[in-house]
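First the structure, which I've put down as structure tokens, then a few questions once you've had a look.
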Amino acid sequence: MSLTLEDLAARLAALEDKEAIRRLKSRYLRACDLKLVDDVRDCFAPGQVRIAYESFPEFADRDAFVAVYREMACNGGVYDIHHATNWEIDLVGANEARGLWSLNFRTILTGPRQVVRLAVEYEDRYRRADGRWWIVETVSRVTSSLVEQIGEDGSVTVAVLAQPPAG
């Protein structure tokens, strides 16, 4: 099979687009962990988007989502770790893509003295506009959870095991 220069250019462009989307998702997750609110906001497209995370209200614009994120995660005592793996990115047009991600999420909540671990599956849609990729839809589903309660004496009690948290 012989490839033309145009074929190689198209394959390279597809790889570059997938890498840009992978970096976008990584930037979003890192910004969530580091409480970089402006960076979290800047990962989502301006205008109408869909943010539907299980056990949270659904959001139709990035500002409404960021307001709740700021209130829930950025007031101290909340320490998050988002590690995304098993990514699959499909380009479905010149400026549209879909992505699947598995997420290993952990949060330490100092107020209620809990450690929450979730396995989460994401389904995302991306759109290129103004020369860059944006998240335009992200939907998550919790596939398993572990909630540990930390006693004053340091003892650990399992509060939830292998079931999604109640919504």
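The values are calculated or read from the model by the stated rules, or taken from the named source; none is laboratory data. If you're wondering where the values come from, they're calculated on a predicted model, not measured in any experiment. Because the Cβ atoms are built from the backbone with ideal geometry, glycine has one as well, and the counts that use them run over all protein chains shown.
Out of curiosity, is Thr107 closer than 20 Å to Arg30 by Cβ, among the polar types (S, T, N, Q), part of a strand (DSSP E or B) and over 13 Å from the mean Cα position of the chain (by Cα)?
Considered against the rule, which asks whether it is closer than 20 Å to Arg30 by Cβ, among the polar types (S, T, N, Q), part of a strand (DSSP E or B) and over 13 Å from the mean Cα position of the chain (by Cα), Thr107 comes out as yes.
May I ask you to verify whether Asn86 is in contact (Cβ under 8 Å) with a residue 12 or more places away in the chain, at positive phi and not small (Gly, Ala, Ser)?
Yes, satisfied.
Report yes if Ala64 is in a strand (DSSP E or B) and hydrophobic (A, V, I, L, M, F, W, C), otherwise no.
no
Any idea which of Asp124, Asp80 is surrounded by 11 or more Cβ atoms within 10 Å (Cβ to Cβ), in contact with a Cys (Cβ under 8 Å, 6 or more places away or on another chain), part of a strand (DSSP E or B) and of a type outside the set (Phe, Trp, Tyr)?
That would be Asp80, the only listed residue that is surrounded by 11 or more Cβ atoms within 10 Å (Cβ to Cβ), in contact with a Cys (Cβ under 8 Å, 6 or more places away or on another chain), part of a strand (DSSP E or B) and of a type outside the set (Phe, Trp, Tyr).
Can you tell me which of (1) surrounded by 11 or more Cβ atoms within 10 Å (Cβ to Cβ); (2) touching a strand residue (DSSP E or B) at 6+ places or on another chain (Cβ under 6 Å) is the one Thr85 doesn't meet?
(1)
Could you list, in sequence order, all residues of the stretch 34-52 that are assigned to a helix (DSSP H, G or I), exposed (fewer than 15 other Cβ atoms within 10 Å of the Cβ) and of a type outside the set (A, V, I, L, M)?
Residues satisfying the conditions are Asp38, Asp39.
Give me the pairs: first residue in the stretch 145-159 and farther than 17 Å from Phe105 by Cα and modelled with pLDDT of 95 or more, second residue among the hydrophobic types (A, V, I, L, M, F, W, C) and surrounded by fewer than 14 Cβ atoms within 10 Å (Cβ to Cβ), beta-carbon distance under 8 Å, and six or more apart or on different chains, which are they?
Ile150/Val156
Give me the pairs, please: first residue somewhere in the stretch 127-140 and more than 11 Å from Ala97 (Cα to Cα), second residue anywhere and in a loop (DSSP other than H, G, I, E, B), beta-carbon distance under 8 Å, and either six or more positions apart or on two chains.
Sorted first by the residue in the stretch 127-140, then by its partner, the pairs are Ala129/Ala45; Ala129/Asn95; Ser140/Glu54.
Considering only the stretch 27-41, I want to know if a residue exists there that is over 19 Å from Asp130 (Cβ atoms) and hydroxyl-bearing (Ser, Thr, Tyr).
Within the stretch 27-41, not a single residue is over 19 Å from Asp130 (Cβ atoms) and hydroxyl-bearing (Ser, Thr, Tyr).
Take the conditions exposed (fewer than 15 other Cβ atoms within 10 Å of the Cβ) and over 16 Å from Phe44 (Cβ atoms) and apply them to Ala67. Does it pass?
Criteria not met by Ala67.
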